[in-house]
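Nothing in this text is a laboratory measurement; each read-out follows from the coordinates by a stated rule. Here the structure is a predicted model, which is why all the values come from computation and not from measurement. We place every Cβ from the backbone using ideal geometry, glycine too, and count neighbours over all the protein chains shown.
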Amino acid sequence: MKLFRLFLVLCLIGMFGVASAEHYTCNDSADGFVDLRGLDLIGRGSPNLKSLADADTATVWDTSGATSVRYEYIFDVDGTDVSNEPAVVRPTNWIGAGVWKLTGSTVNSLTVSGEVTGLVPSRNLGVCEGAQDDGASGDDALFLTDDGITVVADEYIGMTLYNTSDVSSCVIGDNTADSFYCVGYVAGTTSGLTGGTGNDWDDTDAWAVAPGPLQSGTLFYIDAATTILHPVIVDYYVGYFSAGANAVKVDPQADGMTINFSDDGTWTNPGAGDEVDGDGTLGDYIWIHNQSATEAFGMEMYGSFADGGAT
């Protein structure tokens, strides 16, 4: 009798099967929830008749810039929760029940090790400093206009813009020939500047730019006599190239950083906060690597550079 019962159980398992939880992985650098929403709902289960089963799990990778967020989900076949991403995600063809519920998330910084090959990104810049002067609006402007410059539109996007008078800064989201707009700028509402006293632009406020937080590895061609700020991000590596017969000066963004360099086989160790100045020769360049937030080295250079002193 026991053997007969065991045989019957095995037959029933063979006939109807045993549902097991499935795991899904979704990747989308722009919106990881597109893939999660689109998982097939046709097949099994009730009330949705979905192929997704209760307790199915999913991992969603949502990547933006240098940060990746890993979301973990479990499927509730009877869930009717209102969509509230990332906490609750409803499938695209949701028809009454069945939702993904967040069980945890982890934020990761993306790093690269080993040899990296490929094209070197570059930007073509004109002047990298000036003063707010739009000839009209006066103080409290929400974007920077410098009537005295003419630069290449969009080439400054992604760079860091400093209002050195207000001691505020932002990442540049857009630029025209003579105006710069911060990421976060909203017309009539906010400038996008942060960290300052007014977080806006008063007439004659001084401005300067530096390579942005995601522009490590970029070569900047500079065709004007100007000073560009150098970021103090650890392990940052960037090149500055004189694209005209003009003196390009590289100034540490923080007074505590020293940029060490060598143009004659011996190292020059300027004081903290001192500029590294080219002599105005077309084709001079210097690549700088930040060993720490206070010390950087000119790893490769061509032409003549000198300690320009503190500014």
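Some observations on this one:
- Per-residue Karplus couplings for region 231-241, computed as 6.51 cos²θ - 1.76 cosθ + 1.60 with θ equal to phi - 60°, are listed in order as x, 10, 6, 4, 6, 6, 9, 8, x, 10, 10 Hz, Gly and Pro entered as x.
- Under 11 Å from the Thr311 label point (7 Å along Cα→beta-carbon), backbone N, region 263-303: 274-278
- Legend: calculated FRET efficiency, Thr59 to Ser304, from the Cβ-Cβ distance at R0 = 51 Å, rounded to 0.05, equals 0.40.
- Between Ala206 and Asp235, the contour length at 0.36 nm per residue exceeds the alpha carbon distance by 7.6 nm.
- The modelled label-to-label distance between Ala293 and Thr258, using points 7 Å beyond Cα along the C-beta direction, is 1.9 nm.
- FRET efficiency for the pair Lys101 and Val183, taken as 1/(1 + (r/R0)^6) with r the Cβ-Cβ distance and R0 = 41 Å, rounds to 0.80.
- Ranked packing of 90-102, 249-261, most packed first, by mean Cβ within 10 Å: 249-261, 90-102
- Region 122-310: C-alpha gyration tensor shape, a/c 1.5 cut-off, then a/b vs b/c: prolate
- Taking label points 7 Å from Cα along the Cα-to-Cβ direction, Val88 and Thr266 give a separation of 7.3 nm.
- With R₀ fixed at 41 Å, the C-beta to C-beta distance from Glu22 to Val167 puts the FRET efficiency at about 0.15.
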